[in-house]
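*Asks:* Dumping the structure here so I can ask a few things about it.
Laboratory data are not the source of any read-out in this text; all were calculated from the coordinates shown. Everything numeric in this text was worked out from a predicted model, so none of it was measured. Here the Cβ positions follow ideal geometry from the backbone for every residue, glycine too, while neighbour counts run over all protein chains shown.
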Amino acid sequence: MLTHKTFFEGQVQSIGFERNGRRQTAGVVDVGEFHFGTEAPERMTVVSGELWARLPGEAGFRAFPAGTCFEIPGRSGFDVKATAPAAYVCEFL
């Protein structure tokens, strides 16, 4: 079953699904800066464009172009920003 979620007045949208017993989402981030909280650990893979991320414990943003990923611990949060629309896949670890 697919689930659709919209965040930040439609600027971030995701489709959730389960594959091989693991939850994942695929989505798009529009131009802007956004904060997300995490329940479980996550791995974000940028599949198109570029996302800038400020991960827990880091002072500044780092660039993650298409083909790269970053991990976020559970029960934490992270900031992302995009200067152009970017697509991602998020795996819940």
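*Asks:* Which ordering of THR83, THR25 is given by a fewest-first count of other beta-carbon atoms within 10 Å? Kindly include the intermediate steps, with their values, before the conclusion.
*Replies:* Details: THR83 13, THR25 19.
The fewest-first ordering by Cβ neighbours comes to THR83, THR25.
*Asks:* Based on the Cα gyration tensor of the chain, what are the three equivalent ellipsoid semi-axes, each the root of five times an eigenvalue, rounded to whole Å and given largest first?
*Replies:* Numbers: eigenvalues 71, 50, 32 Å².
Result for the chain: semi-axes of 19, 16, 13 Å.
*Asks:* Give the residues of the stretch 10-31 whose amide nitrogen is closer than 15 Å to a point set 7 Å from the Cα of VAL89 in the direction of its Cβ.
*Replies:* 15-28
*Asks:* Roughly how many nanometres apart are two label points built 7 Å out from the Cα toward the Cβ at HIS4 and CYS69?
*Replies:* Placing both labels 7 Å beyond Cα along the Cβ direction yields 2.7 nm.
*Asks:* Further question: Mind listing the long-range amide H neighbours of THR38? Cut-off is under 5 Å, sequence gap 5 or more, other chains count too, H placed in the peptide plane at 1.01 Å from N.
*Replies:* ARG75, SER76, GLY77
*Asks:* Order by neighbour count: CYS90, CYS69, fewest other Cβ atoms within 10 Å first, most last.
*Replies:* So the ranking, lowest neighbour count to highest, is CYS69, CYS90.
*Asks:* For ARG43, what charge total do you get from the other residues with a beta carbon under 9 Å from its beta carbon, if Lys and Arg give +1 and Asp and Glu give -1? It would help to have the intermediate numbers written out before the result.
*Replies:* Details: positive: none; negative: GLU42, GLU71, GLU91.
Overall, the nearby charge balance is -3.
*Asks:* Can I ask one more? Fully extended, how many nm does the chain gain between ALA26 and SER48 (0.36 nm per residue separation, minus their Cα-Cα distance)?
*Replies:* Numbers: separation 22, 0.36 × 22 = 7.92 nm, distance 1.13 nm.
Net length gain for the segment: 6.8 nm.
*Asks:* From the backbone phi of the stretch 32-41, what are the Karplus-calculated ³J(HN,Hα) couplings (6.51 cos²θ - 1.76 cosθ + 1.60, θ = phi - 60°) in whole Hz, Gly and Pro given as x?
*Replies:* x, 10, 9, 10, 10, x, 10, 8, 10, x
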